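The values are calculated or read from the model by the stated rules, or taken from the named source; none is laboratory data. What you see is a predicted model, and the numbers here were worked out from it, not measured in a lab. Here the Cβ is made from the backbone with ideal geometry for all residues, glycine too, and neighbour counts use every protein chain on show. In case anyone asks, the SASA skips ligands and DNA or RNA and just uses the protein heavy atoms, side chains included. Shrake-Rupley method; radii C 1.70, N 1.55, O 1.52, S 1.80 Å.
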Amino acid sequence: MTLPFGTRLRAAMDERGPLCVGIDPHAALLDSWGLADDVAGLERFTFTVVEALAGTVAVFKPQSAFFERFGSRGVAVLERAVADLREAGGLVVMDAKRGDIGSTMAAYAEAFLRKDAPLFSDALTVSPYLGYGSLKPAVDLARESGAGLFVLALTSNPEGAEVQRAVREDGRTISATMLAHLAEENAGETPMGSFGAVVGATLGDLSSFELDINGPLLAPGIGAQGATPADLPAVFGAAVRNVVPNVSRGVLRHGPDAAALRASAERYADEIRAAVGA
Ligand SMILES: O=c1ccn([C@@H]2O[C@H](COP(=O)(O)O)[C@@H](O)[C@H]2O)c(=O)[nH]1
């Protein structure tokens with residue numbers, strides 16, 4: 001029986017550290033690696049990262065968009081990468097940011113969270129902006145499969161505030177409401193629940209938000225977006241123990257040399273450990 005995602009994630013964070021490396025094959029990165037912006041370049045880029053880092057990094061976050069842009073052949077590369085990363089003991093968070101009315105959400109959930117699906121991932125990023133309740137099919141299937149979700153709560157981009165910090169009639173912000181839903185999903189789970197939030201590391205002091213949702217906080221924004229590991233304690237406060245900091249371009253720009261990719265990931269992992277006391 002598969003253990004719940006929250007349990008597997010905590011064990012992976014304890015063993016390998018909390019760093020999540022994003023796999024984002026931007027056209028500009030392919031170019032700087034001397035690769036063509038085509039499926040062969042995508043494949044070479046992706047498996048260079050997989051071979052360099054699988055087995056040492058706890059969590060990987062492939063950005064689905066960069067694979068989808070090549071159509072079915074790009075998605076085939078993504079499927080193989082997910083399988084190889086999981087085979088090497090890494091956890092895969094598929095960054096696809098899906099969100100739709102409940103009946104369609106059920107199909108997205110089938111694509112990423114049904115155990116025998118070609119793109120089955122340990123967790124999926126989802127958007128709650130059609131209403132948190134619209135995510136129920138994904139919540140239900142994730143529970144059944146031992147997978148997890150990361151719900152966009154406070155995203156790292158400045159434009160997110162317009163929606164996420166809007167205040168409801170009851171005086172709560174939209175993002176605070178999403179965090180409260182997640183705390184409910186995770187209530188009573190040990191060592192932590194499987195339903196996480198995406199909370200940007202770029203956002204400065206978040207002490208006005210209840211970040212203790214008894215679940216993981218996926219924190220993009222370190223590296224190319226300007227945040228650093230040293231910022232994490234000030235942004236997340238006591239919840240920093242549940243933070244999974246994501247770095248994509250900050251690591252990937254060191255390729256294609258495998259040793260340089262590994263050295264960069266190790267540097268980030270060390271800096272994160274030093275900052276969060278893990
Ligand atoms: O709020 C969010 C949610 C997701 N992302 C994604 O994370 C990576 C960040 O890449 P970097 O190169 O480290 O900036 C990327 O895939 C985004 O789509 C985010 O940045 N912010």
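Tell me, what is the percent relative contact order of the range 178-273, built from C-alpha pairs under 8 Å that lie six or more residues apart?
Reported relative contact order: 24 percent.
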(request) Give me the angle, in degrees from 0 to 90, between the Cα long axis of helix 102-113 and the longest principal axis of the Cα atoms of the chain, rounded to the nearest 10. (result) 40
(message) What distance in nm lies between label points placed 7 Å from Cα along the C-beta direction at Ala76 and Arg262?
(response) 3.1
(message) Using Cα springs under 10 Å in a Gaussian network model of the chain, which residue among Leu252, Leu113, Leu141 shows the largest mean-square fluctuation?
(response) Leu141
(request) Within the range 100-189, report the chymotrypsin sites (Phe, Trp or Tyr not before Pro) that DSSP leaves as loop and that have at most 16 other Cβ atoms within 10 Å. (result) Tyr129
(message) Between Thr2 and Asp38, what is 0.36 nm times their sequence separation minus the Cα-Cα distance? Round to one decimal in nm.
(response) 9.3 nm
(request) Just need the Rg to Rh number for the range 1-123, please, alpha carbons only, Kirkwood Rh. (result) 0.98
(message) Over the range 120-218, what portion of Cα pair distances is larger than 20 Å, expressed as a whole percent?
(response) 33
(request) Could you state the angle between the C-alpha long axis of helix 174-186 and the longest principal axis of the C-alpha atoms of the chain, as a value from 0 to 90 degrees rounded to the nearest 10? (result) 90
(request) On a 0 to 90° scale, report how tilted helix 39-53 is relative to the longest principal axis of the chain, with both axes built from alpha carbons and the result rounded to the nearest 10. (result) 70
(message) How large a share of the accessible area of the range 96-230, in percent, is made up of carbon and sulfur atoms when the probe is 1.4 Å and the other protein chains stay in place?
(response) 53
(request) Express the Stokes-Einstein translational diffusion coefficient of the chain in µm² s⁻¹, to the nearest whole number, given a Kirkwood radius over alpha-carbon pairs, 10 °C and a viscosity of 1.306 mPa s. (result) 85
(request) Could you check which residue among Ala28, Ala234, Ala11 shows the biggest mean-square fluctuation in a GNM of the chain with a 10 Å Cα cutoff? (result) Ala28
(request) Work out the length of the dipole vector of the chain about its Cα centre, built from +1 on the beta-carbon of each Lys and Arg and -1 on the beta-carbon of each Asp and Glu, and round it to the nearest 20 debye. (result) 140
(message) With loop defined by DSSP as not H, G, I, E or B, and exposure as at most 16 other Cβ atoms within 10 Å, which is the longest segment of the chain clear of exposed trypsin sites (Lys or Arg not before Pro)?
(response) 173-278
(message) Explain nothing, just the number: relative contact order of the chain, from Cα pairs under 8 Å at least 6 residues apart, as a whole percent.
(response) 20
(message) What are the equivalent ellipsoid semi-axes of the range 163-278, built from the alpha-carbon gyration tensor (square roots of five times its eigenvalues), in whole angstrom, biggest first?
(response) 29, 16, 12
(message) Which one, Ala27, Ala81, Ala109, has the greatest fluctuation when you compute a Gaussian network model over the chain with C-alpha springs under 10 angstrom?
(response) Ala27
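May I ask for the longest run of the chain untouched by GluC sites (Glu not before Pro) that are loop-located per DSSP and have at most 16 neighbouring C-beta atoms (other than their own) within 10 Å?
Value returned for the longest uninterrupted segment is 1-168.
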